[in-house]
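Each remark here refers to the structure printed beneath this line.
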Amino acid sequence: MTDCCCDTTARSAFNRGNETWLVSETCGSANKRQHEAGLRGFGFAFGDVLTTSEAIRQLWG
């Protein structure tokens, strides 16, 4: 779930000094509202929220 498992794992990586991203299409929650709230909360303070295309560009230039 975006707002629980994915968010917790990414925040843990952030707290260890890693650059963190959530790829929006690769996670989900019980409903769209919950998913989007999880992405907003993460993006506010812990890392970037990217699309798959954006993540590929970040990785491969």
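Taken together, the values in this text are just the output of simple stated rules run on the coordinates, not laboratory data. What you see is a predicted model, and the numbers here were worked out from it, not measured in a lab. FYI the Cβ positions are ideal-geometry reconstructions off the backbone, even for glycines, and counts take in every protein chain you see.
Restricting things to alpha carbons, find the Rg to Rh ratio for the chain using the Kirkwood radius for Rh.
Details: Rg = 11.1 Å, Rh = 11.6 Å.
Rounded to two decimals, Rg over Rh is 0.96.
Using the Cα centre of region 2-60 as the reference point, and only Cβ charges (+1 on K/R, -1 on D/E), how large is the resulting charge dipole? Debye, rounded to the nearest 20.
Dipole magnitude for region 2-60 comes out near 80 debye.
Please find, in a Gaussian network model of the chain (springs between Cα atoms separated by less than 10 Å), the residue of 37, 13, 45 whose mean-square fluctuation is greatest.
Largest GNM mean-square fluctuation: 45.
GNM on the chain, C-alpha springs below 10 Å: top fluctuator among 41, 28, 17?
Sorting by GNM fluctuation, first place goes to 17.
Extending each Cα 7 Å along its Cβ direction at residue 40 and residue 57, get the distance between those two points in nm, one decimal.
The modelled label-to-label distance comes out at 2.4 nm.
Could you give each residue of region 21-34 its phi-based ³J(HN,Hα) in whole Hz, using Karplus coefficients 6.51, -1.76, 1.60 with θ = phi - 60°, and x for Gly or Pro?
Calculated HN-Hα couplings, in order: 9, 10, 8, 4, 7, 9, 9, x, 9, 4, 8, 4, 4, 5 Hz.
Mind listing the phi-derived Karplus ³J(HN,Hα) values for region 5-14, rounded to whole Hz, using 6.51, -1.76 and 1.60 with θ = phi - 60°, and x for any glycine or proline?
5, 5, 4, 4, 5, 5, 5, 4, 5, 4
Give me the percent relative contact order of the chain, please, defined on Cα pairs under 8 angstrom at least 6 residues apart.
40
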